[in-house]
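Okay, structure first, notes after.
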Amino acid sequence: MSFIAAYTFLVRTKLPIKQLLGTIALALLCSLAIIDTYFMGFIVRLDYVFEARYFIPVSGMLLGNMLTANILALNSFFGSIDREQQYYYYMLGNGATHSESLAPFIRQAIVKSFNPTVASMAIMGLISLPGTMTGQML
C-alpha cells in the first residue's frame, strides 16, 4: 500500500519517480507505523497491534488521507511559487533568508491541504455517518 501511495503521490505532483519513490514510500511507511502503533496500541488497546483485520483498513484510511493532504499541499506550494515568483525574489532581495521567504508559501499550502479534511471531519456525524449507515441498511 505504501509503494502504491508513493507512486500515486509522485505522479500527481509531477515529481521525479525514479529518484523519490523509495524515499517517499519509506516516509509514508514510517509515519504510518508510528500513527498505527499509537492508535492501535494506546487508543484502541489491542493485544496485537498489527492484527490484519484492524491494521489494513485503518492503514488504508490513513494513507488515503495522507495522500490527499500531501498532494494538495505540494500542488498548492509549487503553484503559488510559480505564480508569485517575483514576491519570492523580492523577499530574498530585501534580506530575507531562504526559509523566511518560503514561509508564506508553506503556510498557505498547509492551510489549503487541511481544509478538505477539516471540513469532512466537521460534518462527519451529520452527513457521512448517517449516509453510510442508510446505504448499508438498504
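The values are calculated or read from the model by the stated rules, or taken from the named source; none is laboratory data. What you see is a predicted model, and the numbers here were worked out from it, not measured in a lab. Positions of Cβ are backbone-derived with ideal geometry, glycine not excepted, and every protein chain shown enters the neighbour counts. For accessibility, only protein heavy atoms count, side chains too; no ligands or nucleic acids. Shrake-Rupley method; radii C 1.70, N 1.55, O 1.52, S 1.80 Å.
Every residue, every condition in (1) within 17 Å of A73 (Cβ to Cβ); (2) without any contact (Cβ under 8 Å) to a residue 24 or more places away in the chain; (3) in contact with a strand residue (DSSP E or B) (Cβ under 6 Å, 6 or more places away or on another chain); (4) β-branched (V, I, T), yes or no:
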| site | (1), (2), (3), (4) |
| --- | --- |
| F9 | yes, no, no, no |
| T13 | yes, no, no, yes |
| L20 | yes, yes, no, no |
| A25 | no, yes, no, no |
| C30 | no, yes, no, no |
| Y38 | no, yes, no, no |
| L46 | no, yes, no, no |
| V49 | no, yes, no, yes |
| R53 | no, yes, no, no |
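So is L72 of a type in the set (A, V, I, L, M, F, W, C), at pLDDT 85 or above and open to solvent by less than 90 Å² (accessible area, probe 1.4 Å) or not? Taking the combined requirement at face value, the residue satisfies it. Is segment 27-34 home to any residue that is open to solvent by 70 Å² or more (accessible area, probe 1.4 Å), out of contact with any Ser or Thr (no Cβ under 8 Å at 6 or more places or on another chain), of a type outside the set (G, A, S) and closer than 30 Å to A119 by Cα? Looking through segment 27-34, at least one residue is open to solvent by 70 Å² or more (accessible area, probe 1.4 Å), out of contact with any Ser or Thr (no Cβ under 8 Å at 6 or more places or on another chain), of a type outside the set (G, A, S) and closer than 30 Å to A119 by Cα.
Please state which one of L72, L67, L63 is closer than 20 Å to T8 by Cβ, touching a Pro at 6+ places or on another chain (Cβ under 8 Å) and in contact (Cβ under 8 Å) with a residue 40 or more places away in the chain.
L72
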